[in-house]
Structure formats: structure tokens, C-alpha cells
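Chemist: I have a structure I would like to understand better, so I am pasting it below and will then ask my questions one at a time.
The values are calculated or read from the model by the stated rules, or taken from the named source; none is laboratory data. Keep in mind the model is a prediction, meaning the values are calculated, not measured. Note: ideal-geometry Cβ built from the backbone for every residue, glycine included; neighbour counts use all protein chains shown.
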Amino acid sequence: MQLKTKKKAAVSLNKKTFWQRCCEQKVLILMSVPLVLLKILFAYVPLVGWSMAFQNYKPAKGLFDQQWVGLDKFKFLFSDNVFLHDIRNTLAMSVINLVLGFVTAIILAILLNELKNMFFKRSIQTISYMPHFLSWIIVVGIVQNVLSTDSGIVNDLLLRFGIINSPVNFLGEPKYFWGIVGAANVWKEVGWNTIIYLASMSSIDPSLYEAAAVDGAGRFSKMIHVTLPAIKGTIVILLIMNIGHILDAGFEVQYLLGSGPVQDVSETIDIFVLKYGMQMNDYSLGTAAGIFKSVISIILVFSANWLSGKLGEERLI
Amino acid sequence: MKKVWKQVIAASLAAVSAISLTACGGSKNTADKEGGGQKHFSVFITATSEEPSDNNKILKKIEDELGYTFDCEYLVGNYDEKAGVMIAGGDYPDIVSCSDNKFVQAGALVPLDDYITPEKTPNLYKHVEKYWKKFSYQEDGHLYVIPNWGIYDGEQTDGVYQGAAFWIQKAVLADAGYPEVKTLDQYFKLIEDYKAKNPTINGVSTIGFEILAASGFEWVLTTAPNYLHGNPNNGDVEVNPDTYEAKIYANSDYAKQYFKKLNEEYAKGIIDSEAFTQNKDQYISKISSGRVLGMFDQHWVFQTAESSLVSQKLYEREYVPLPITFDESIAPYYRDQPVANIGQGYGISVNCEDPEAVVQMFETLISEDWQKILQWGFEGEDYMVNEEGRFYRTPEQREQQDDTIWKSENKINALFDNLPKIQGQYSDGNGASPGAQQEEFEASLCDYDKEFLAKYNKKNWFDFLNDPPENPVYYPAWDIDLIDGSDAHYANQKLTDLATRYLPQLIMTDAGSFDTVWGQYCGEIDQLDIAAYEKRMTDQIKWRMENWQ
């Protein structure tokens, strides 16, 4: 009996403190209201548009005067070979970009970190992140020029060294496409991606290196046993965030670089949405594909987050 | 959780905004209303001709005398995508260029029946009256789009052919001694011989045969066999002249024959190896350099490249249209009698505040006085009139027409392209445009062209083509509206996708595996709902036969 009252008292006390806390923080809460409203307006209200996926949407009519078709659009989507290929392409290019992006950025960051000559280090850093500011249309133009069969530098070099006998049509061969997209992505983003790792490395306590040196660690051992473990947290957080984007394999680069012969490997879900939603005016089908993409992304982020927690690393949410 | 939503939505918004950045044109300065009605119009333009510059003299004259000003937005890339983005956002300029019924279906346009009447707009009414029924939207019988080309007053006298043909550089024909070219084999033989003799042109390697297959222009690749087989421009189908049944020819024997030929030529290095990965701009720039000996195309697609060749004075690198067929027993049917394009031209969007004003503007501009300004220019400045009242140009006036920069300052071709216009002759007997004035056309030819035509004993470039027979009543089938989202529409889109995927493979593969790839291609076509597509085409052709007589 006594115990029960005690518990009750504790509960009411807790409750009280919650409301009390609210009261105490009412200014803060008021301050956050506009932001929450903004969020609702821009992040949740547009979701009403998802109802298009369950309709046979025709532009001139209002959203609720449409003909409802249930899951027809989704059925069409998953019976369509092209869409299934698009999922495969999106995943493949995304994983390639993710892996290449991480590995190259981390390697470059570690190498830059080892540089002692500040002037040289800064120059390399600047040069390597400059391409980030180019838009894809320019990068694609450069890629097309470099890989051209007609006096492109790559074919020219390969021919001169006698590695090939006739120019290779890199952009017209499906087997090269994913690689080209991956390489273009690395070229464009590697420098930019190193920045966050370099920042995280700068916060490593120098005494760790000194201690390692005392223990007889060489340069490579220091990289592997001090630098890498120290930036592990950063790597994991970035990985979780990027996994949410795994179905955003990109749109522009595939759209601009793709062409008839490689469409089987170049089309991504975004291009599918554009093609059916915009070009063929089937907005419902486009929306259905978009919903599918969002749902998968959310599942992926939560799984990555859960996995990271299991592995004893930091969690994002 | 919220974070994820935000990212997902931001990403999709970014994707959409990336392609629609330019879509938000048309700030509506509903200008001064003094002259009655709207004077400032936003216009979406799809024409490929040079854009008028800000200091354009005709635009200035229109502004000074009529008070009209234009805010133009030009199409970049694929028309269907751009139209889809505009429709999705309901964000239309006042005046929209239409290439098909897309905007009409989306309810984006204002019906013009009440605006174009004999009382309010006598000129415009007279212009479209004869074809009213043909141009009206089939589903509701209203007229939405004012037709752009193909309504002739008097006879067709233009000297330049804009349609489909196998084009060949004049230099190739000249080098071979001005032969008559009738078949596909002869055509490629000429190109092979010339390329062997001239491995480079102006310092860059010669391209024997160029192919355009970029997004929105896939038909340049796919429709060639149709013409070689002696069929007119009916798009993706062959129409039986007796039963009016439409049938696709993508998997026909004659399509195979054509691609087999291209496969052989590719192996010989005649065809550009980058043909299928290039976009349209790259295609145009290759032609503009003068290194391309021949291609199959419709003239209006690469016309800007030819203007560029003229301005570089590379007259021998310009092209002649050839109506070739598989063998001489097949009568060519490239050139047709002029047909007015259905659903093509300017429409007035539902966002336009004052459709009446737009129609009145068209009415004013289609008057003979303004047509002369739009097509000939200013009297005394761009053309002269002789004692008999015939228009002509001095050599200097002709020469400036070759300068693309001059044209963007002194002509408004891009805007003019979709305007309703007079073609043929004016009431005073002068040709509607310099090209339609036979003596002016002849005088404007450069010496090279004069000599060239003399060698062939022909008067103009049209004479290289077949004599056009009377068009079938339903003609042309390519502009049949498939209805967005229908099975027919999907089948057609998938057919195009298959073509852009397999045809390059077919052409570039080694001769041994040609039949295997062809088999795969036909197998995939068989899996599509082609019957739905053919049925829609056949039904529409029959509908036209009944209603257009």
C-alpha cells in the first residue's frame, strides 16, 4: 500500500515536471513553432500529391475529381521490365558511387594529412575540389570529349601505346557505362568529400601519434592504427546518411551521358519518372515510381542506423 | 524521421527543378491597356531557327507601330518532356507552340471558335476556313491551334525542299560527274568513292554517313526504310492503299534490308561511330563543319547547319536531296503535296488574360502588309520593287541573308515559324517569301549552285525529287493523336525505345551476328501490344477517310 502511493506520487511528480518543463520552456517552444509549421508545409503537405499514384491522373481536373484505380499503377510498374532494369541500374550505380566515393575520399584525405609542405597540400586540396563546382552538363561535355572515338585523348593514348588497334566507342558500349559514371563522379567529388575527413583528422590528439611513435609505429602503422580509428565515427555517420540516398544514383549524369545503345544500363528510376511522368504525361505512374523510391530509401536508412547501433557505433537518429 | 523525409523530398524537388528551371518564364506585365487589350505576350517557342536578338528591327517595328512586345522562351532538349513539365505545373505562357495534341488534351488551351470569326478576324478566318474541320480537335470539335505551315494561296513555288530525303553533299555528286542517283547502293557507292579519295575535309576526318537518333529525333533513324520502300511520310506505319489498314514496318523485311546495308557500311568505316551517342547539337556541329558527306533526315532538322555552311562560303558542302529507293522498280514518294500540319502552330493558353488580344495580334500579322515585312523585310532596305511591281533583292541584300548574326538582328524567324502565315503568292502576284519568287530564287543562287543546277538541267532543288502524287485523304498518318496513357501510346513509346536500343547494335555488330540481333529485336517487338497501336492508327485513318472527304 505504502509502496503504491509512493509510486503514484512519483508519477504525478514526473507528470508535473513535464508540464512544468513545458511552461518553463514556452518561449523556446513558441520559437520553434514557425519552423515546425514550415516543415509541415513543405515536407508533409506535398505528400497529399501521393494520392496521384492511386488515380488515373489527368492534368486539367482537380486532385479529387480523378478516377481512382487502386494499385493498378504499381502493378504496371512491377510488371514492366524497364522499371525492374531501372531499379537494378540505380542500385548498381549507387553502390559503385558509394564505394568509390568513400574509398577514394578517405585515401586522398589520409594522403593529404601526411603532407608536411603546407603550400603543396593546400594547392592539391584546392585543385582536387574545384570540379565540384562544375555543373554536370559541363562535366559530361568533358567526358564526351575525352572519350570521343574521334581524337579523344583516351583513345588517342591507347592507340599510341598500341594497346588497341581501333578506337573504342566507350560511350556506346553498355559494359563501360557504370564505370564511366563512377569515374566521373570520383573526378568531380573526391576533393570535396575529403574536406570533412580532413576536418575530423585535425581534431586527433597529436599525443596519440607521439605515443604510437614511441611504441615504434611507422608512418603506415600510424595511418592504420591512429588516423583511421579516429575518423571511424565520421565515416559511419556519413555512411548512414549516404545510404538514405542510395536510390538517388543521380539523374543528370545518366540523363546527359546516356543514349539509345546504353539505355538498358543507363536509365535510373529518376529518368523513368521523367520519361513516363513528364514526357508521356502519365503523372500517376511517375508518382508511383517516386513513392517506391522514397519508401525504399526510408527502409534503408533505418536499417543502416539499426545496424550501426548494433555494431556499437554512433547512431544518427 | 523528419530528416529523411526532408531529404527525400528535397532530392525529388531538386530533380524536378533542375529540369524546369527555365520553365518559369512569362512574367506577366499586363502592359498598358490604352490600345485596348493586352500588349505584352509571353511565348513558348520550339522553332529551331535563329533567335531574334534584343535589338531586332522587326520586333522594334512591331512594338512601335502595334505596341506588341514578346517575352520568348526557347525550347532546349526534348519537346515532350518540356511540355510535360509545363502541364504538370500548369505554368503556361500566353502563347504556346504546339507540336501535337498534348496541350489540348491537358486542357491547357482556349478554344478559339469564338475568337476567330468572319466579323472579328476576316483575314485569319479566311486563312483557316477551308480546313476548319480538319484542324478541330477530334474529341470536342473545337479549334485550339492555329496551323503554322502548309496553307497555300496560289501554287507552291518555294525552291527549297524541307522534307525527308537522303541528302548528299554537292561536292560528292560533282566529283562523280553529276550522276543520276536512284538506289541506295548507288548512293553509298558514291560516298565510299569520295571518302576514299578525300579522307579529310578542311583538316578533319571525313564522315561518310551520319545518323541522328537523339532523344526526340529517333524517327530520323527509324523512318528511312519506309521511304526506300516507296511509301510516303506516314510515321511508323505503312498504310495499305486499298484497305487503309496500318501496319508497323519496324520488323519488316525492307527495314531489315536497310539496316543490313548500314551494317555493311559501318564495317567499311563509312558511318560515324559516334552517331548513336551524340546529341542533336553535336550532330548539327558535325554537319556545319562540312565533313559529313550524307545523311537521311528531314531538311528542317539540319537547316541551321546548312546556313552555317553558307556563311562559311562552303557552297560545295551543302546538300542535295535524293529520292532514292531500294531498286529502280520502286517509285519514290518522298515529296508530297503540301499538307497543313494538324495540331501544329500557336495555341493560346488558359493562363492568358486576354485571348482576344492574341487573336487580334495574329489577325494583324497575317495581313499582307505585315507578312511582307515578316517574310521579305523592309522595302528598300531588305528588298526592292521593280517597275512591274515585282520584288527582288540586290546582291548585297541577298548576301546578308547568309549571315546568321544579321538574321537574328533583322529577321524574327524563330517567332515567325509557328505564326499563321501566307504561303504561295500575295494578291499582287509576288511570292510570299524570297524563296517562293522564282526569279529571285534563281538570282539568289551562288555561282556554284547555278552551275550545279545547270549540269543537272534543273531549275531548283525540288526538281531533284519525285513529282508528288495526289495525297491520300487521310494523309499524313504520322500526326495521328495516340491519346496519352493509352495502350497504343505505350506500345509506340516502347517500340521507339527498342529501336534506339537495338538498331545501333544491329548497325555496329559484326556481320556474322547481324541475324541473331535482328531476331532478338523482332522477338522483343512481338511481345509489345503492337495490335493496340495498329488498331488506333487504322481506326483513325478510317475516321479521317469518312470525315475529311
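Chemist: Identify the single condition in (1) touching a residue at least 40 places away in the same chain (Cβ under 8 Å); (2) surrounded by 22 or more Cβ atoms within 10 Å (Cβ to Cβ); (3) small (G, A, S); (4) not in a loop (DSSP other than H, G, I, E, B) that B:A255 does not satisfy, given that it satisfies every other one.
Modeler: (1) is the only condition that B:A255 fails.
Chemist: Wholly within segment B:48-163, which helices (runs of 4 or more DSSP H) include no fewer than the required count, namely at least 2 residues that are within 14 Å of another protein chain (Cβ to nearest Cβ) and among the aliphatic types (A, V, I, L, M)?
Modeler: B:79-89
Chemist: Consider segment A:158-180. How many of its residues are within 14 Å of another protein chain (Cβ to nearest Cβ) and under 16 Å from A:Q144 (Cα atoms)?
Modeler: Final tally of qualifying residues: 11.
Conditions tested, residue by residue: (1) within 16 Å of the chain's Cα centre (by Cα); (2) outside any loop (DSSP other than H, G, I, E, B); (3) at positive phi.
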position: B:W167; (1), (2), (3): yes, yes, no
position: B:A174; (1), (2), (3): no, yes, no
position: B:D185; (1), (2), (3): no, yes, no
position: B:K189; (1), (2), (3): no, yes, no
position: B:A213; (1), (2), (3): yes, no, no
position: B:L221; (1), (2), (3): yes, yes, no
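Chemist: Go over the candidates A:V226, A:V301, A:V236, A:V265 one by one and state the one that is of a type in the set (A, V, I, L, M), surrounded by 17 or more Cβ atoms within 10 Å (Cβ to Cβ) and under 30 Å from B:F217 (Cα atoms).
Modeler: Residue meeting the stated conditions: A:V265.
Chemist: Report every pair of residues separated by at least 6 positions or lying on different chains whose Cβ atoms are under 6 Å apart, first residue within segment A:56-77 and within 11 Å of another protein chain (Cβ to nearest Cβ), second surrounded by 12 or more Cβ atoms within 10 Å (Cβ to Cβ) and assigned to a loop (DSSP other than H, G, I, E, B).
Modeler: Sorted first by the residue in segment A:56-77, then by its partner, the pairs are A:N56/A:V69; A:Y57/A:Q66; A:P59/B:A106; A:A60/B:A106; A:A60/B:G107.
Chemist: Now for a different question. Return yes or no: is A:A213 of a type outside the set (F, W, Y) and more than 12 Å from chain B (Cβ to nearest Cβ)?
Modeler: For A:A213, the condition - of a type outside the set (F, W, Y) and more than 12 Å from chain B (Cβ to nearest Cβ) - is met.
Chemist: Looking only at segment B:38-55, decide whether some residue is crowded, with 19+ Cβ neighbours inside 10 Å, in contact with a Gly (Cβ under 7 Å, 6 or more places away or on another chain) and in contact (Cβ under 8 Å) with a residue 40 or more places away in the chain.
Modeler: Yes.
Chemist: Now for a different question. Output yes when any residue across segment B:189-211 is crowded, with 18+ Cβ neighbours inside 10 Å, small (G, A, S), more than 14 Å from chain A (Cβ to nearest Cβ) and touching a strand residue (DSSP E or B) at 6+ places or on another chain (Cβ under 8 Å), and no when none is.
Modeler: Within segment B:189-211, not a single residue is crowded, with 18+ Cβ neighbours inside 10 Å, small (G, A, S), more than 14 Å from chain A (Cβ to nearest Cβ) and touching a strand residue (DSSP E or B) at 6+ places or on another chain (Cβ under 8 Å).
Chemist: Does any residue of segment A:127-145 turn out to be outside any helix (DSSP H, G or I), modelled with pLDDT of 90 or more and more than 14 Å from every other protein chain (Cβ to nearest Cβ)?
Modeler: Checked segment A:127-145: at least one residue is outside any helix (DSSP H, G or I), modelled with pLDDT of 90 or more and more than 14 Å from every other protein chain (Cβ to nearest Cβ).
Chemist: Looking at segment A:129-153 only, could you name the residues that are farther than 22 Å from A:L108 by Cα and not β-branched (V, I, T)?
Modeler: Passing the criteria: A:S135, A:W136, A:G141, A:Q144, A:N145, A:L147, A:S148, A:D150, A:S151, A:G152.
Chemist: Where the second residue is part of a loop (DSSP other than H, G, I, E, B) and of a type in the set (G, A, S) and the first is in contact (Cβ under 8 Å) with a residue 12 or more places away in the chain and lies in segment A:222-235, which pairs have Cβ atoms under 9 Å and are six or more apart or on separate chains?
Modeler: Once the first residue is in contact (Cβ under 8 Å) with a residue 12 or more places away in the chain and sits in segment A:222-235, its partners that are part of a loop (DSSP other than H, G, I, E, B) and of a type in the set (G, A, S) give A:H225/A:A217; A:V226/A:A217; A:A230/A:S203.
Chemist: Return the residue satisfying two criteria in turn: it lies in segment A:247-260 and is in contact with a helix residue (DSSP H, G or I) (Cβ under 6 Å, 6 or more places away or on another chain) and at the interface with another protein chain (Cβ under 8 Å from one of its Cβ atoms), and of such residues it is surrounded by the most Cβ atoms within 10 Å (Cβ to Cβ).
Modeler: Checking each candidate, the answer is A:G260.
Chemist: Then there is this: Looking at segment B:411-430, can you tell me whether even one residue there is buried (at least 20 other Cβ atoms within 10 Å of the Cβ), more than 30 Å from B:H142 (Cα to Cα) and touching a residue at least 40 places away in the same chain (Cβ under 8 Å)?
Modeler: Yes.
Chemist: Another question about this same structure. Which pairs have Cβ atoms under 7 Å, sit 6 or more apart or on different chains, and link a residue in segment B:64-81 that is aliphatic (A, V, I, L, M) to one that is surrounded by 17 or more Cβ atoms within 10 Å (Cβ to Cβ) and part of a loop (DSSP other than H, G, I, E, B)?
Modeler: Listed by first residue and then by second, the contacts come to B:L75/B:T46.
Every residue, every condition in (1) under 20 Å from B:Y187 (Cα atoms); (2) more than 14 Å from chain A (Cβ to nearest Cβ); (3) of a type outside the set (F, W, Y); (4) in contact (Cβ under 8 Å) with a residue 24 or more places away in the chain, yes or no:
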{"position": "B:E264", "(1), (2), (3), (4)": "yes, yes, yes, yes"}
{"position": "B:S289", "(1), (2), (3), (4)": "no, no, yes, yes"}
{"position": "B:H299", "(1), (2), (3), (4)": "yes, yes, yes, yes"}
{"position": "B:Q303", "(1), (2), (3), (4)": "no, yes, yes, yes"}
{"position": "B:E306", "(1), (2), (3), (4)": "no, yes, yes, no"}
{"position": "B:L309", "(1), (2), (3), (4)": "no, yes, yes, no"}
{"position": "B:D327", "(1), (2), (3), (4)": "yes, yes, yes, yes"}
{"position": "B:I330", "(1), (2), (3), (4)": "yes, yes, yes, yes"}
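Chemist: Which helices (runs of 4 or more DSSP H) does segment B:414-518 wholly contain that include 1 or more residues that are of a type outside the set (S, T, Y), out of contact with any strand residue (DSSP E or B) (no Cβ under 7 Å at 6 or more places or on another chain) and away from chain A (no Cβ under 14 Å)?
Modeler: B:438-444, B:447-456
A quick yes/no check of all residues on (1) hydroxyl-bearing (S, T, Y); (2) under 25 Å from B:A305 (Cα atoms):
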{"site": "B:E180", "(1), (2)": "no, no"}
{"site": "B:P199", "(1), (2)": "no, yes"}
{"site": "B:G216", "(1), (2)": "no, yes"}
{"site": "B:L228", "(1), (2)": "no, yes"}
{"site": "B:N251", "(1), (2)": "no, no"}
{"site": "B:F259", "(1), (2)": "no, no"}
{"site": "B:Q278", "(1), (2)": "no, yes"}
{"site": "B:Y283", "(1), (2)": "yes, yes"}
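This table checks each residue for (1) closer than 22 Å to B:A491 by Cα; (2) part of a loop (DSSP other than H, G, I, E, B); (3) within 10 Å of another protein chain (Cβ to nearest Cβ).
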site	(1), (2), (3)
A:G233	no, no, no
A:V262	yes, no, yes
A:M278	yes, no, yes
A:L300	no, no, yes
